[in-house]
Each structure stands twice: as structure tokens, then as C-alpha cells.
Amino acid sequence: MASQDHSKGAKEGAADTSTTTTSKTAGDDVWTPQVRRKFETKSKSEYLDPCQEAAARSIRCLHRNGGDKALCQDYFQAYRDCKKSWQEKRLEDKRKARQESGGWFS
């Protein structure tokens with residue numbers, strides 16, 4: 001009976017370390033005015049990724065779980081959602097700027 005309790009605890013512990021959900025979700029705003037300003041004023045050769053935190057978490061998950069991608073799917077999805085949200089907001093900002101300026105050939 002004691003061995004059953006021990007194995008159950010080990011399984012729960014393994015699940016806690018491998019599938020911990022991230023604090024940043026797709027609904028979080030990564031394209032803040034501060035990030036936008038930083039992105040617009042950076043040099044052309046400089047790389048800026050507001051989703052770097054989500055990327056780092058997915059890499060840490062892979063290291064923690066011995067490279068097992070199946071255990072890190074939540075982290076990968078959080079990164080994909082972050083990137084998609086960021087790109088959609090950038091595109092929306094470009095469209096607004098184009099409309100405010102009168103279009104392509106103004």
C-alpha cells in the first residue's frame with residue numbers, strides 16, 4: 001500500500017515539473033507602447049523579439065525534461081500564440097498608419 005502512494009506522488013511530481021502552465025497567455029498584450037517605441041527606434045540590424053520570454057521558457061522546459069518535446073507543448077503553444085498576437089498587432093498598426101497618411105501614393 002505504501003509503494004502505491006509513493007508511485008502516485010512521483011507521477012504527480014513529474015507532471016508538475018513538466019507541464020506547468022506559463023503565466024503569459026495569448027491574451028496578454030506583448031505589443032505595448034513601450035515595445036512599439038523600442039521596435040520603431042532600433043537600428044535595422046538590431047533584433048527585437050517581444051516573445052523572447054516565452055521562447056526562453058520553452059527552451060528551459062526542453063532542458064528540464066531531457067529534450068522531450070511532448071512534455072513542452074504548452075510552452076511551444078504559448079510562444080506561437082505570442083508571436084501570432086504580436087504580428088497581428090504590428091500589421092494592424094501598419095494599416096492604421098497607412099490609412100492616416102492617406103494611402104500608399106499620398
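Summary table below
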{"quantity": "Peptide ranges 43-49, 30-36 listed from the most packed, as the mean C-beta count within 10 angstrom indicates", "calculated": "30-36, 43-49"}
{"quantity": "Protection proxy ranking, peptides 54-64, 77-87, average beta carbon neighbours within 10 Å, highest first", "calculated": "77-87, 54-64"}
{"quantity": "Among GLY67, LEU91, ALA55 - extreme Cα towards positive end, dipole of segment 51-100, charges at beta-carbon", "calculated": "LEU91"}
{"quantity": "Entries in LYS69/LYS94; LYS69/LYS89; LYS69/LYS96 that, when Cα-Cα distance is taken, lie over 31 Å", "calculated": "LYS69/LYS94; LYS69/LYS96"}
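Each reported figure results from applying straightforward, stated rules to the coordinates on display, with no laboratory input. Everything numeric in this text was worked out from a predicted model, so none of it was measured. Note that each Cβ is placed from the backbone with ideal geometry, even for glycine, and that neighbours are counted across all protein chains shown.
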